[in-house]
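Structure first, commentary second.
The values are calculated or read from the model by the stated rules, or taken from the named source; none is laboratory data. No experiment lies behind these values; they were computed from the predicted model shown. Every residue, glycine as well, gets a Cβ built from its backbone with ideal geometry; the counts of neighbours run over all protein chains shown.
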Amino acid sequence: MEIIQAQARVARYLDNELHTPIIVDVSDRIGWEELKKFFSVPGQKIIEAKDLGSDPEYIPQVDKILQAVGTDTNPIMLVGLSAYLKLYGEDRLKSTLKSLLDVPVEKKLVILTYKCGSYLTFDDPRINAQHKVVLADAIADIESPYETRSLVFVNPNLAEFFDPHVDGVRDIPDIEPTPFENLHIITNRHKNDFPSSLFNIEEVRSAFDVIKEKYDGLSNIDPALGNEDLWHWLLNSLKKAGSWVKVVNKAFGGTDKLSAHADSLSSSKTKKEAWLYFIALKVHGAGDNQYLNIISREAKSTEDLKRLAYEKILSYEANDSKFDSLYDERKDLLEKIFGNSDSTELVNFLKLAKGKGVDGYKYLTDLTPKEKKEVISMIAENNENVDIKGLLKSLRKTFPGLCDYLSPFHLDDADKFEPYFNDYKVCKVLNIISPELSKIVTDQAEKREYNTIYSSRASIVSKLPSTKAIAYFLDALGVEFLSYIQHRAYDKGLKLSIKLGLANLPSITSINKEFIEDFNARGVKVKNVKDLDNLKHEGQGDYNYEHTKYPLHLVEELDVIDKVLNDANLDLENGEIDTVYIVSDHGASRLAVINETEHFHVLEKKGEHSGRCCPVSELSDKPECATEENGFWCLANYDRFKGGRKSSVEVHGGATLEEVVVPIITITKPGKRVECKIENPVITVSFKDKPRLTIYCSVKVKELAVLFNGKYYQAKEAHNDFRHEVEMDTRMSEGEHFIDVYADGTLIAQGLKFTVKKKGSSERKFF
């Protein structure tokens, strides 16, 4: 019936002799308000069920309600009871309302319910006959958009994030009716307390629940990705900023800039900052950073993300087409997260990388000393399967410094021992003595041709200019490091002039200091650097050959050289120095340490300096493999004189090439870097036509050479003062190739690209 008819029915009830309640049900908010307005006249009372208790968590019981209203002498309209009954479900709602219809009251009791019509059909003729149930139709033609509502139980700790809200379940009737879609109730009650509820009950028990409900962009995030403390911190940040996007913009400059902010995961950032970055990645991804996208999708936590930053690359084979790009992204990522520090993640990763066997080193980087050492360890451990050209190509990405060390050194086409020194350092890294190198050592132990090829160090030093110069005495610097020095000088824009000279024998410091006196006499300050020699003698425990067979000390050797070159560069930049000299007293031999088939020479006198030399004795015969100088017999192979304790890292005192030949390096700083380019970057070759490149240099050079695939090619006489032609006696495949260019012993260009095409290849047809 219409509201006006329902009002008339209530009026008739108030005038009759019936002393039991009636129920009036309305179907919309307008009808609800109209009926309450109709009843609000003097002498009649409207009682809200919620007002019968003071406790916010109060849910009125029917017997308590009847005690409060049943004896009242005024006609009463009871409002809000149906809301409480709906909490307990249909059965309780129907049974309770039916039972109330038979309860005697002192005067009159109208129970106003809301949208309970479907539950108010009773198989009781008395109820129908006495018209105890009045069902009013909706007034509005269109149902309110708020007719479907939910109760939202909110943890009291989160009340500040909800406005408006009500305190406690006592105010649940406010939802019937209400202009709000949902009623947020601050309560300790739970949805499970009302399993049969006719209301849809939602819960906001955690900070994450608040975020999910109130902030766009985070609805699909797994709450397990954070703990309550972190979600609550984010919630406060969201409240302050106003939106998720604003939080991300403030922290990282935008949702599209996340890949540039991977340092948010570093130890210098707080746990909350790192976690926020992790969540941002989960929501927005890392743009075009493929590796970061892959690991962020898989990660379950910030720590998991950092672990995957190391380990996920192992899921790809080194020959995979994606590997190189993923490797580069990963390396950049690791540097931002971990810097140059070792970590637990790194330790675990290295264990896993060993499972890759001979390819294991390809997954490592040069970011940390531990990784660098592990690269060397893996290479040495798998030395039988190492292809040196392939190794150098891989090391250019993995450990460029080691690649520079192993790259062939070239000084003079007339120097027949350059191949020896280049092979020596390969053997040092691979931890072997190759048959080819062993043969040269054996031959030269008797021939000692180096005495006729190289001048003495003293004679070279005496001719060095002394004006505005400073010298570094780098103890134990061998020829093996010259290629590395060339590359580091190139990085710093330094010019090198390198001479090789002979040390005095025995190859020990005490009789190889004459150059210091020479420099001092001419006013050249000499800085003494012993770090390299100390490493070779006293290396850390894990460098001892008895503990590890691999040359892990090489990592620190290169660090020592880096420091000296940095210092030299600073000397040249201060404006007071024009020239820096680096001179060594002697070299050292790693192969004499690892030689497991060494021969002992038993003489009257005991060997010294790990058995590499022995005082001359008239009672003993000089071994053929030894040379005599300064009262000592010095071994020119890898044998030992008995009595000398074997060195644990490297050794000197003998007369092998690596011990006795030393570099004398002159370093200057040109005003500007030499411009160098290939003028014919696309060349066509055939079976008869050898590859020829024309190299332009912006300055005059005496000798120009290019390094290609581990071999040096000397340029022909220049076309003019600046252009040089290089002919390479080698076959080349079609495609891109790269060269390094050297001028007078100085690396002046690295990685110059040229393209090879085969004559007639584009016209060739195959049948």
- Residue among LEU392, LEU367 that is of a type in the set (A, V, I, L, M, F, W, C), touching a Ser or Thr at 6+ places or on another chain (Cβ under 7 Å), more than 22 Å from LYS549 (Cβ to Cβ) and not assigned by TED's automatic domain parsing to the domain that holds LEU482: LEU392
- Item | Breaking point among (1) among the charged types (D, E, K, R); (2) more than 20 Å from GLY745 (Cβ to Cβ); (3) in contact (Cβ under 8 Å) with a residue 12 or more places away in the chain, for ASP443 | (3)
- Residue that is under 21 Å from TYR405 (Cβ atoms) and crowded, with 19+ Cβ neighbours inside 10 Å, where the choices are ARG457, ARG488: ARG488
- Item | Check on THR452, without any contact (Cβ under 8 Å) to a residue 24 or more places away in the chain and β-branched (Val, Ile, Thr) | yes
- With the first residue restricted to the stretch 403-427 and required to be free of Cβ contacts under 8 Å to residues at least 12 places away in the same chain, and the second required to be crowded, with 23+ Cβ neighbours inside 10 Å and aromatic (Phe, Trp, Tyr), Cβ contacts under 8 Å at 6 or more apart or on different chains are GLU418/PHE409
- Scanning for something under 16 Å from the mean Cα position of the chain (by Cα), among the basic types (Lys, Arg) and closer than 30 Å to LEU391 by Cβ, does the stretch 260-270 turn up at least one residue? no
- Task: Answer with yes or no whether VAL441 is hydrophobic (A, V, I, L, M, F, W, C), outside the structural domain of THR368 (by TED's automatic domain parsing) and over 21 Å from ALA503 (Cβ atoms).
- Result: no
- Task: Could you tell me which of the residues LYS354, LYS372, LYS331, LYS439 is among the basic types (Lys, Arg) and surrounded by 19 or more Cβ atoms within 10 Å (Cβ to Cβ)?
- Result: LYS372
- Look through the stretch 376-417, keep the residues that are touching a Cys at 6+ places or on another chain (Cβ under 9 Å) and not aliphatic (A, V, I, L, M), and return whichever of them is surrounded by the most Cβ atoms within 10 Å (Cβ to Cβ). SER394
- Query: Looking at the stretch 569-616, which of its residues are at pLDDT 90 or above, acidic (Asp, Glu) and either outside the structural domain of LYS468 (by TED's automatic domain parsing) or in contact with a Phe, Trp or Tyr (Cβ under 6 Å, 6 or more places away or on another chain) (or both)?
  - Reply: GLU608
- Residue check, ASP359 against (1) within 17 Å of VAL426 (Cα to Cα); (2) in contact (Cβ under 8 Å) with a residue 40 or more places away in the chain, all met but one. Which one? (1)
- Message: Show the residue pairs meeting these rules: Cβ distance below 6 Å; 6+ apart or different chains; first residue within the stretch 726-753 and closer than 12 Å to GLN714 by Cα and in contact (Cβ under 8 Å) with a residue 60 or more places away in the chain; second residue in a loop (DSSP other than H, G, I, E, B) and of a type in the set (Asp, Glu).
- Response: ASP744/GLU703
- Message: Can you list residue pairs whose Cβ atoms sit under 6 Å apart, with the first residue in the stretch 159-170 being within 15 Å of ALA83 (Cα to Cα) and the second being among the hydroxyl-bearing types (Ser, Thr, Tyr)? Count only pairs 6 or more apart in sequence or on different chains.
- Response: GLY168/THR187; VAL169/THR187; ARG170/TYR58
- Note on the structure: Exactly one of LYS393, LYS389 is touching a Gly at 6+ places or on another chain (Cβ under 9 Å) and either at negative phi or not in a helix (DSSP H, G or I) (or both), and that residue is LYS389
- Item | Qualifying positions in the stretch 692-718 - of a type in the set (D, E, K, R) and surrounded by 15 or more Cβ atoms within 10 Å (Cβ to Cβ) | GLU703
- Query: So, of the residues in the stretch 688-700 that are more than 18 Å from ILE739 (Cα to Cα) and not basic (Lys, Arg), which turns out to be farthest from the chain's Cα centre (by Cα)?
  - Reply: ASP689
- Message: When you scan the stretch 212-220, do you find a residue that is modelled with pLDDT under 95, aliphatic (A, V, I, L, M) and within 29 Å of THR187 (Cβ to Cβ), even just one?
- Response: yes
- Message: Looking only at residues that are polar (S, T, N, Q) and out of contact with any strand residue (DSSP E or B) (no Cβ under 9 Å at 6 or more places or on another chain) in the stretch 39-94, which one is modelled with the lowest pLDDT?
- Response: THR71
- Note on the structure: Conditions (1) exposed (fewer than 15 other Cβ atoms within 10 Å of the Cβ); (2) touching a residue at least 12 places away in the same chain (Cβ under 8 Å) -> ASP123 fails only (2)
- Whichever residue in the stretch 596-637 is more than 27 Å from ILE433 (Cα to Cα) and aliphatic (A, V, I, L, M) and, among such residues, is nearest to the chain's Cα centre (by Cα): VAL616
- Message: If ASP320 satisfies all but one of (1) within 22 Å of ASP342 (Cα to Cα); (2) of a type in the set (Asp, Glu); (3) surrounded by fewer than 15 Cβ atoms within 10 Å (Cβ to Cβ), what's the number of the condition it fails?
- Response: (1)
- Task: Only strands (runs of 3 or more DSSP E) wholly contained in the stretch 602-676 count here; list those with 1 or more residues that are of a type in the set (S, T, N, Q).
- Result: 626-629, 661-668
- Could you give every pair whose Cβ atoms fall below 6 Å, whose first residue belongs to the stretch 655-684 and is farther than 30 Å from ASP475 by Cα and in contact (Cβ under 8 Å) with a residue 12 or more places away in the chain, and whose second residue is of a type in the set (S, T, N, Q) and part of a loop (DSSP other than H, G, I, E, B), counting only separations of at least 6 or pairs across chains? VAL674/SER698; GLU675/SER698
- Condition met for ASN566 (within 30 Å of ASP491 (Cβ to Cβ), under 39 Å from the mean Cα position of the chain (by Cα) and modelled with pLDDT under 95): no
- Query: surrounded by 13 or more Cβ atoms within 10 Å (Cβ to Cβ), touching a strand residue (DSSP E or B) at 6+ places or on another chain (Cβ under 7 Å), outside any helix (DSSP H, G or I) and modelled with pLDDT of 90 or more: does that describe LEU97?
  - Reply: no
- Message: Suppose we filter ASP729, ASP721, ASP689 for residues that are loosely packed, with under 13 Cβ neighbours inside 10 Å and under 27 Å from LEU406 (Cβ atoms); which single one remains?
- Response: ASP729
- Query: If you check every pair at least six apart or on different chains, which have Cβ atoms under 8 Å apart with a residue in the stretch 193-220 that is under 25 Å from LYS240 (Cα atoms) first and a residue that is aromatic (Phe, Trp, Tyr) and in a loop (DSSP other than H, G, I, E, B) second?
  - Reply: VAL204/PHE162; VAL210/PHE162
- Message: Looking at SER341, SER243 in this structure, which one is farther than 24 Å from LEU364 by Cβ, out of contact with any helix residue (DSSP H, G or I) (no Cβ under 8 Å at 6 or more places or on another chain) and either without any contact (Cβ under 8 Å) to a residue 12 or more places away in the chain or surrounded by fewer than 14 Cβ atoms within 10 Å (Cβ to Cβ) (or both)?
- Response: SER243
